[in-house]
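Only one structure is covered here, and it is reproduced in the block below.
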Amino acid sequence: MNSLLTALKNKKVLISDGAWGTYLHQRGLQPGECPELWNVTHRSDVFAIAKSYIDAGADMILTNSFGGSPLKLNHFGLLDRTAELNEAAAKISREAAGVEKLVLGSMGPTGAILMMGEVSEQEVYDGFSRQAQALKKGGVDAICVETMSAIDEASIAVRAAKESTGLEVVCTFTFEKTAAGEYRTMMGVSPSEMVQAIKEAGASVIGTNCGNGFDQMIDIVKEIRGIDPLTPILVHANAGKPLYQDGKTVFPETPEMMAAKVQDLINSGANIIGGCCGTTPAHIQRLVHAIRVH
Amino acid sequence: MNELVERISLCIERGKVNKIAPYPPDLRNQEGSDELTKQALEEGVGPDIILKACNDGMQRIGERFSRNEVFVPELLMAAKAMQAVMVHLEPFFKKGSIKAKGKFVLGTVAGDLHDIGKNLVRMVIEGNGWEVIDLGADVKSAKFLETIKNTPGCVVGLSALLTTTMVNMSKTVQEIKAQFPATKIIVGGAPLTMEAALKMGADSYSHDPQGAVAFLDKISVA
């Protein structure tokens, strides 16, 4: 098992992977199909995606387990296969990463809003525990709780992961720029509010993913650094904001456009840089080139 | 306006459900929309007056949400306060002494399970006086068509978050328009724009729940 924090000490900036969903769809995942099921039914496709990011030069890759919480899998009638599908996700990424590169186990939101009282905090905690343990069994080095909007859910996920596996936990939130020019999650949480809460819950790396291209991510990182100069920051940026044009969804930022801004992102304080929606191995390769070949 | 009714309106806007509710902190231990509505009805205040005041409160919070002054939690609490009022007003709806402004058929399209946005739209539109038939998420075209058939005069709302399910939204819009050309459709979801929505054949797009209300108000007058 590798340590993310140690890797960060050795190399100040690490490069993570890019989008998975886009690739699964390109390979035939249908709208309404469970992506995590592909870890078993289409293992070689998932492996190919994982490998493509390792080959692009990423220092770490995530796992095809974003929607692998029991609550989410339940929608597909796959609740009972939670452990199996998450473990499979981890194994695939571990195989692609080999022994040297890092694997982060992805855990996304359950989709339930805790304040609505539809699910209990205990149920959510148990679900994330189950998921994290399966990811650990499959061989991940750390857990990445991502695309969070609510402090309560994120804290529960981080605590559950930490308490059930002892692994290092990364936690990232998704922010949107408001009319006033501030960044808030849909639940109204600011980057500053996020920092304290998730560190208390046990996250050793904090940050932001999805929703924004590099330009906005730079603003968000600056706000985080404004109150926390030390904790490592992870950014998984979209390839710009998607637009639905002529029956297709287009992410406007090319690898070159992203690479041109990456130094600014590093200067603002980001330590781990990767992509989210719309990014490809080509984006990651270009980032590797921009950061490493200097 | 009656002071009691004004207070009910404020409870909706602030999300104050009842006396024991701890939210919002500055209205602790005060009566909420639940108690105040019961009291107002007992005092003989017309249910239509109460409903209108609640719609106004809901509109105010919806507009503040559109301006990013408040976020999802505040909207959810306002909806909760509204639901408490609706429990008291239900008998009057049943009797026909108050009526909904119209019917709105809503759902997230086939292949997409995301429902937070759709649920917010439902709550805000209900809070503004409409009856909402929420078909849930991952709704096939056939289900929309069947419901529209059984709900003449309805307006339809389609939601999708995944960029990959936009194609299903487009198909659903076309199928609805083919069978029910007079039925108005509004769409919403992450990567959409008004331009894309109109190109798809929908009648409108909204970035937020209050925009959907504005659309409904507009077509009701037309």
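Any read-out appearing in this document is the output of simple, stated calculations on the displayed coordinates, not a laboratory observation. Treat the numbers as computed from the prediction; the structure is a model and nothing was measured. With ideal geometry, Cβ positions are generated from the backbone for all residues, glycine too; neighbour counts draw on all protein chains shown.
Is the shape of chain A rounded, prolate or oblate, going by the alpha carbon gyration tensor and its root eigenvalues a ≥ b ≥ c, with a/c under 1.5 for rounded and a/b larger than b/c for prolate?
On the way: a/c = 1.26, a/b = 1.11, b/c = 1.14.
Note, shape of chain A comes out rounded.
Pull out a ≥ b ≥ c, the square roots of the eigenvalues of the alpha-carbon gyration tensor of the range B:103-221, then state rounded if a/c is under 1.5, prolate if not and a/b is larger than b/c, and oblate in the remaining case.
Working: a/c = 1.24, a/b = 1.10, b/c = 1.12.
The shape class here is rounded.
Starting from the Cα gyration tensor of the protein assembly as shown, multiply each eigenvalue by 5, take the square root, and state the resulting semi-axes largest first in whole Å. Kindly include the intermediate steps, with their values, before the conclusion.
Working: eigenvalues 351, 134, 87 Å².
Whole-Å semi-axes of the equivalent ellipsoid: 42, 26, 21.
From the residues B:ASN168, B:GLY157, B:ASN128, which one has its Cα farthest along the dipole of the protein assembly as shown in the positive direction, the dipole being from +1 and -1 charges on Cβ of Lys/Arg and Asp/Glu about the Cα centre?
Among B:ASN168, B:GLY157, B:ASN128, the one farthest towards the positive end of the dipole of the protein assembly as shown is B:ASN168.
Under 21 Å from the Cα of B:LYS19, which lysines turn up, not counting those fewer than eight places away in the same chain?
Within reach: B:LYS38, B:LYS80.
Please list 3J(HN,Hα) in residue order for the range B:153-169, calculated via the Karplus relation 6.51 cos²θ - 1.76 cosθ + 1.60 where θ = phi - 60°; whole Hz, with x for glycine and proline.
The phi angles translate into x, 6, 9, 10, x, 10, 10, 7, 10, 6, 5, 6, 9, 4, 5, 5, 5 Hz.
Mind listing the phi-derived Karplus ³J(HN,Hα) values for the range B:33-44, rounded to whole Hz, using 6.51, -1.76 and 1.60 with θ = phi - 60°, and x for any glycine or proline?
4, 4, 5, 5, 5, 4, 4, 4, 5, 5, 7, x
So what's the range B:1-129 giving for Rg/Rh, alpha carbon basis, Kirkwood Rh from the mean inverse pair distance?
On the way: Rg = 14.8 Å, Rh = 15.0 Å.
My calculation of the ratio gives 0.99.
Under unit Cβ charges (Lys, Arg +1; Asp, Glu -1), what dipole magnitude, rounded to 20 debye, does chain B have relative to its Cα centre?
Details: 26 positive and 27 negative charges, 110 e Å.
It comes to approximately 520 debye.
For B:SER97 and B:ILE219, what is the calculated FRET efficiency with R₀ set at 22 Å and r taken between the beta-carbons, to the nearest 0.05? Let's see the in-between values first.
Working: r = 25 Å, r/R0 = 1.16.
Efficiency computed from Cβ-Cβ geometry: 0.30.
Whose amide H sits under 5 Å from the amide H of A:ASN209, counting only residues 5 or more places off or on another chain, with H placed in the peptide plane?
Counting only residues 5 or more places away or on other chains, the set is A:THR147, A:PHE173, A:THR174, A:PHE175, A:HIS236.
Using the scaling law 2.2 N^0.38 Å as the reference, what is the normalised Cα Rg of the range A:13-109? Don't skip to the end; give the middle numbers.
Details: Rg = 12.7 Å, N = 97, 2.2 N^0.38 = 12.5 Å.
Against the compact-globule rule of thumb, the ratio is 1.02.
Given the C-alpha centroids of the range B:131-201 and the range A:39-118, what is the distance between them in whole angstrom?
After rounding, the separation between the Cα centres reads 32 Å.
Rounded, prolate or oblate: pick one for the range A:76-183, where a ≥ b ≥ c are the square roots of the eigenvalues of its C-alpha gyration tensor, a/c under 1.5 means rounded, and failing that, prolate if a/b is larger than b/c, else oblate. Before the final figure, lay out the partial values.
On the way: a/c = 2.08, a/b = 1.37, b/c = 1.51.
Verdict is oblate for the range A:76-183.
Would you kindly compute the Cα radius of gyration of the range A:192-294 and its largest Cα-Cα separation (Dmax), both in Å?
14.3, 46
Okay, helix-only estimate at 222 nm for chain A: each DSSP H run of n ≥ 4 adds -39500 (n - 2.57), divide by all residues, round to 500 deg cm²/dmol; what do you get? Write out the running numbers ahead of the final one.
Values: 12 runs with 135 residues, N = 294.
Dividing the helical sum by the residues of chain A leaves -14000 deg cm²/dmol.
Name the residues whose placed amide hydrogens come within less than 5 Å of the amide hydrogen of A:SER106, ignoring near sequence neighbours (fewer than 5 apart) on the same chain.
For A:SER106, the qualifying residues are A:THR63, A:SER65, A:CYS144.
If neighbour count is taken as other Cβ atoms inside 10 Å, put A:TYR53, B:TYR205, B:TYR23 in order from fewest to most. Before the final figure, lay out each step's value.
Working: A:TYR53 31, B:TYR205 21, B:TYR23 18.
In order of increasing Cβ crowding within 10 Å: B:TYR23, B:TYR205, A:TYR53.
Magnitude of the Cβ-charge dipole of chain A, K/R +1 and D/E -1, about the Cα centre, nearest 20 debye? Could the numbers behind the result be given before it?
On the way: 26 positive and 33 negative charges, 156 e Å.
Here the size comes out at about 760 debye.
Assuming R0 = 41 Å, can you tell me the calculated FRET efficiency for the pair A:MET116 and A:ASN10, based on Cβ-Cβ distance, to the nearest 0.05? It would help to have the intermediate numbers written out before the result.
On the way: r = 44 Å, r/R0 = 1.08.
That gives a FRET efficiency of 0.40.
Please give the Cα centre distance for the range A:198-242 versus the range B:62-103, rounded to the nearest Å.
36 Å
Counting residues in the range A:131-209 as N, plug N into 2.2 N^0.38 Å and put the Cα Rg over that result. List each step's numbers first, then the result.
Numbers: Rg = 13.0 Å, N = 79, 2.2 N^0.38 = 11.6 Å.
So the range A:131-209 has a normalised radius of gyration of 1.12.
Name the residue from B:ILE20, B:LEU75, B:GLN59 whose Cα lies farthest towards the positive end of the charge dipole of the range B:3-95, charges +1 on Cβ of Lys and Arg and -1 on Cβ of Asp and Glu.
The residue sitting most towards the positive pole is B:LEU75.
Taking the C-alpha atoms of the range B:56-141, how large are the radius of gyration and the largest Cα-Cα span, Dmax, in Å?
13.9, 40
About its Cα centre, what dipole magnitude does the protein assembly as shown give when the only charges are +1 on Lys and Arg Cβ and -1 on Asp and Glu Cβ, stated in debye to the nearest 20?
Working: 52 positive and 60 negative charges, 164 e Å.
In debye, rounded to 20, the protein assembly as shown gives about 780.
What is chain B's relative contact order, in percent, from Cα pairs under 8 angstrom and six or more apart in sequence? Before the final figure, lay out the partial values.
Details: 375 pairs, mean separation 38.2, N = 222.
Here the relative contact order equals 17 percent.
How large are Rg and Dmax for chain B when only the alpha carbon atoms are used, in Å?
When restricted to Cα atoms, chain B yields Rg and Dmax of 18.0, 54 Å.
Going toward the positive end of the dipole of the protein assembly as shown, with +1 on Lys and Arg Cβ and -1 on Asp and Glu Cβ, which of A:PRO255, A:VAL189, B:ALA110 do you reach last?
The residue sitting most towards the positive pole is A:PRO255.
For B:LYS143, give me every one of the aspartates and glutamates with a C-alpha distance below 12 angstrom, ignoring sequence neighbours fewer than eight places off in its own chain.
B:LYS143 reaches B:ASP134, B:GLU175.
Using a 10 Å cut-off around each Cβ, can you sort A:THR63, A:THR185 from fewest to most neighbouring Cβ atoms?
Working: A:THR63 34, A:THR185 24.
Result, fewest neighbours first: A:THR185, A:THR63.
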